[in-house]
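The values are calculated or read from the model by the stated rules, or taken from the named source; none is laboratory data. Remember, it's a predicted structure, so these values are computed and weren't measured experimentally. Ideal geometry is used to build each Cβ from the backbone, glycine not excepted, and the neighbour counts take in all protein chains shown.
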Amino acid sequence: MFIVLPSIQVIGPTEVGLVMKRFGKKLPGDNPIAFHGEAGYQAGLLMPGVRFKLWLRYRIRKFPWVQVPANEIGVVIAQIGKTLPPGAKSARYHDVFGNLTDLDAFVNNNGEKGVQRPVLAPGTLLPIHPVAFLVITKNQVFGLPISPELRKQAEGAKLTPASFNLKPDQLNVVRIEPRQQEDGEEKMDVVSVVTTLEGKPLTSGHIASRLRGFADIEQLERQGADNATLIESLLGDKNELHNNYQNFQAFLDAGGEMGLQHDVLRYGAYNLNPFLVRVEIVPMLAVRQGETATIKAYVGLSTQDTSGAEFKFGSLVRPGHRGLWEEPLRTGKYAINPRLYQAEIVPTAIIKLDWAAEVTGAHGLDAKLQPIVAKSKEGFVFKIDLQVLIHVPDTKAPKVISMMGTMQNLVNEVLQAAVGNLFRDKLGSMQAINFIETRQTVQEEAFKHIKAQLEQYEVETRGVYIQDVILPPDLVQVLTEREIANQEVKTFEMQKIAQDKRIDMEKSKGTAEIQAELARSEVGITIKSNNATARKAEADGEAEFISKTGAAKAAEVRAVGLANAEAYQKQVDALGQGPTTLVNAISSLSNSSVPFMPNILVTGGSGQGG
């Protein structure tokens, strides 16, 4: 019983028993595990159940199975195997190693000490040898360290990821998904830029690695591919060759180099070895409607200028070459590496720029623009709020960026100077009142000037508008007083017109009131006129009658006289002159109306009869 009972070991369902042989042959070299019965830790483990090991010869120590929680990974460090080759940072992996539970397969197939390239996936539960391998998870380190430094640290407290220069978060599954923006309004699309910490050195002169280089671009160019096809090839990736850097051995076997990688990781969850792969989450390139992205490539084939001899502002290249691409990226989202391809967003919709205080467009290009300050000929200081509308054709965007570098430079270095100098020169040659009165003309001249300036940079001018003019207080007072006087004059003129209208109204009113009498008078005048006409006609008739009658009577008298004379002559001839005269005198008296006797007889008498 003294020998049997201590030799019986009960191994739990999630435990393994590490066997240490107390005495035997000495282990060869620096290998801590015995494969051929040597003294020390034995390669074989006791699996769950009731096991018998003679306690006088063996000492048993129980260890938990390696368990990797969900959403975490386990990094494996081998403490057995061959020494790593010079310059290597991790051990080469062979498929025969499987999940590292078969020590014989590992050792017999040239397994190496150090960090193993594969990681244990979330949910892994394995009976891994605690001396042969250390497994690091976020909250626990499985295994028995052999290194004196780690052993000493383990004796004082449990080992943590920090013991291996890792941060706990580096042992999470790498999740690439949209990120909440700082303003919290909407999520931002992202990609992951990858940097590998092991591999062949980068090719001389290169700043990043692309598996198999740009041979595919060269082949497409020989086949006469257009720019769109070249861009599609560059935006694609070769991550299928190494399962998105999760199979790091495949990455190295495909010629992967150490350093910044050309191909990015898209949305997904990835089990990446933190000792070998580092990731950086960056915004995805999003080109909105009304924009283009001009690309400055820092990697690719050698620069071959396609801009032509007349273009003197740098070179333009086809996609796949180093330099400024002649073809911009249009509306869409692109999983492109911003460390290797710098995108300059160029608005292709009409851009409104305001020279005004506290007025800024969504594009932000006019954030530093302020009202234009200029002096008139008399020295009055004006502040002018100006609005300029410009447009960059998308096909011209690469040339604009080649000439100016950025759209902000175009606004700050070209437009601001052209606009400011124009108005300062123009106002300096004009009187203040003239400027105010000819504002429209000045605006039209400004449009022509700015249009001519921007045409040199392949930019269209769609409008120039003077929004507001802030006048100096002294001039405002003078103009105000003048306007008040003008308004008073107009008021007096309107009052005069009103009074004249009133007189006309009173006259019309009076006329209306005597209209009946006027009508009667007009009728009377008409009647009198008619009467006068009638009387005139009557008088004319009377005169004619009298004239005719007189003529008739004269003729009659003449005829009578002639007859009488003839009769008288005959009387004279018959009677003689004397008797004829007597006869005519008696005849005249008889025909006369004068009485011979008085009509009234008056007689006188004596007083005796009275």
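Just checking, does segment 255-266 include any residue being acidic (D, E), surrounded by 15 or more Cβ atoms within 10 Å (Cβ to Cβ) and part of a strand (DSSP E or B)?
So the first thing to find is which residues in segment 255-266 are acidic (D, E), and the list is 257, 263.
Applying the additional criterion that residues be surrounded by 15 or more Cβ atoms within 10 Å (Cβ to Cβ) yields 257, 263.
With part of a strand (DSSP E or B) added as a condition, the list becomes 257.
Yes, the conditions are met somewhere in segment 255-266.
It is to be established whether one or more residues within segment 138-146 are at pLDDT below 95, out of contact with any Asp or Glu (no Cβ under 9 Å at 6 or more places or on another chain) and loosely packed, with under 14 Cβ neighbours inside 10 Å. No. Yes or no: Y41 touching a Lys or Arg at 6+ places or on another chain (Cβ under 6 Å) and more than 21 Å from N172 (Cα to Cα)? Against the criterion (touching a Lys or Arg at 6+ places or on another chain (Cβ under 6 Å) and more than 21 Å from N172 (Cα to Cα)), Y41 does not qualify. So, of the residues in segment 58-78 that are in contact with a Lys or Arg (Cβ under 8 Å, 6 or more places away or on another chain) and at pLDDT below 95, which turns out to be farthest from T124 (Cα to Cα)? By that ranking, first place goes to Y58. Considering segment 79-92, the residues that are within 60 Å of the chain's Cα centre (by Cα) and modelled with pLDDT of 90 or more include one that is nearest to G24 (Cα to Cα), namely L84. Where strands (runs of 3 or more DSSP E) fall entirely within segment 299-395, those with at least 1 residues that are farther than 30 Å from D425 by Cβ and assigned by TED's automatic domain parsing to the domain that holds A215 are at 323-325, 332-334, 341-347.
Restricting to segment 179-208, name every residue that is more than 37 Å from the chain's Cα centre (by Cα), in a strand (DSSP E or B) and at pLDDT 95 or above.
If we filter segment 179-208 for residues that are more than 37 Å from the chain's Cα centre (by Cα), which is where we start, we get 196-206.
Of the ones still in play, those that are also in a strand (DSSP E or B) are 196, 200.
T196, the sole residue that qualifies.
Which of the residues spanning segment 320-340 are surrounded by 15 or more Cβ atoms within 10 Å (Cβ to Cβ) and over 15 Å from S402 (Cα atoms)? Scanning segment 320-340 gives G320, H321, L329, Y334, A335, I336, N337, P338, R339, L340.
There is no residue in segment 220-233 that is surrounded by fewer than 19 Cβ atoms within 10 Å (Cβ to Cβ) and closer than 23 Å to V174 by Cα. Residue selection: V141 fails the criterion of being over 21 Å from P274 (Cα atoms) and either in contact with a helix residue (DSSP H, G or I) (Cβ under 6 Å, 6 or more places away or on another chain) or hydrophobic (A, V, I, L, M, F, W, C) (or both).
Is one or more of the residues making up segment 462-479 small (G, A, S) and touching a residue at least 24 places away in the same chain (Cβ under 8 Å)?
Yes: one or more hits.
Scan segment 146-178 residue by residue and report those that are among the hydroxyl-bearing types (S, T, Y) and in a loop (DSSP other than H, G, I, E, B). Reasoning before the result, please.
First, the residues of segment 146-178 that are among the hydroxyl-bearing types (S, T, Y): 147, 160, 163.
Within segment 146-178, S147, T160 qualify.
For L234, the conditions (1) out of contact with any Ser or Thr (no Cβ under 7 Å at 6 or more places or on another chain); (2) over 18 Å from Y341 (Cβ atoms) are fulfilled apart from (2). Of all residues in segment 406-440, those that are β-branched (V, I, T), part of a helix (DSSP H, G or I) and within 29 Å of the chain's Cα centre (by Cα) total 3. Here I295 fulfils each of the conditions (1) assigned to a loop (DSSP other than H, G, I, E, B); (2) aliphatic (A, V, I, L, M); (3) over 30 Å from N71 (Cβ atoms) apart from (1). In the set (1) assigned to a strand (DSSP E or B); (2) more than 26 Å from R117 (Cα to Cα), the condition left unmet by E232 is number (1).
Tell me, please, whether a residue that is polar (S, T, N, Q) and outside any loop (DSSP other than H, G, I, E, B) can be found in segment 91-107. No, segment 91-107 has no match at all.
The rows are residues; the columns are (1) of a type in the set (A, V, I, L, M); (2) touching a strand residue (DSSP E or B) at 6+ places or on another chain (Cβ under 9 Å); (3) modelled with pLDDT of 95 or more; (4) more than 23 Å from E257 (Cβ to Cβ).
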residue: Y270; (1), (2), (3), (4): no, yes, yes, no
residue: L276; (1), (2), (3), (4): yes, yes, yes, no
residue: T303; (1), (2), (3), (4): no, yes, no, no
residue: S307; (1), (2), (3), (4): no, yes, no, yes
residue: F311; (1), (2), (3), (4): no, no, no, yes
residue: G314; (1), (2), (3), (4): no, yes, no, yes
residue: H321; (1), (2), (3), (4): no, yes, yes, no
